[in-house]
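Only one structure is covered here, and it is reproduced in the block below.
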Amino acid sequence: MDPTTSPLAVLGLGFVLGLRHALDVDHLAAVSTIVSQRRGLWRSSLVGAVWGLGHTASLLAAGVAVIALHAEIPRRLSQALELGVALMLIGLGLNLLRTIRRGATLHVHAHEHGRHHHHLHAHVHPADRVAAEPHHHPVVGTRRPFLVGLVHGLAGSGALMLAVLATIPSPTVAFAYIAIFGIGSIGGMMMMSTLLGLPFALAGERFRTVDLALRTAAAIGSIAVGLLLAWEIGTDAGFLA
């Protein structure tokens, strides 16, 4: 960073880069498999927000190790983490295909919160689960996008930390940069997950064939991106050369 550059300009750049970071194809592929099992734009945007929180948490943890403790992230470790993302994408896609193959269907439940607040909540049930079973908002609904965000953040921490250390000499500004970058990624993924959830919300129960095709496409897309990423990592590491 140029000594004459304002810290506000650096933080502004971090926010913009965070927004752009949410558009990475591996991020969108993973989130699409989760959004495909939600219904409603609010729940889709929540997936993006929780993913962003997990992503930011792992970046801040890596920041403590690299900036405060002056540790280095070995290249092999970075490649292993990136390979973990590839395997995760393949696993998410296969899990969604398994859910589709088992005949999971969309169900709509009515919820009551207090005396005057009612709303409808749509989501996917596995075929072996009774549709009339009482349903509540489970914590597990946010656990998956948070863990996916954690893995993505850890995998991307190597390149980000090198960029931060190379350009921002002040640890305070560096931590602020990571935090603002994270806020940008949360906002960006909330917007993208909402857009990804729009066709699923429109299809719903009215167009089951379209809904099935969209979910299948999300699963195959995630697997394809995972395989391509694994190939690129293997080639870069010399395993497939």
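Each value in this text was obtained by applying a stated rule to the coordinates, not by laboratory testing. Everything quoted here is computed from the prediction, not taken from an experiment. Note that each Cβ is placed from the backbone with ideal geometry, even for glycine, and that neighbours are counted across all protein chains shown.
Some values worked out for this structure:
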item: Peptides ranked, highest mean first, by Cβ atoms within 10 Å: ranges 48-60, 18-30; result: 48-60, 18-30
item: Computed label-point distance, nm, for sites Arg75 and Thr209 using a 7 Å Cα→Cβ extension; result: 5.3 nm
item: Residues in the range 188-226 reached by a label modelled at Leu23 [backbone nitrogen below 13 Å; 7 Å Cα→Cβ]; result: 188-189, 192
item: Centroid-to-centroid separation of the range 185-229 and the range 1-72 [C-alpha atoms, Å]; result: 20 Å
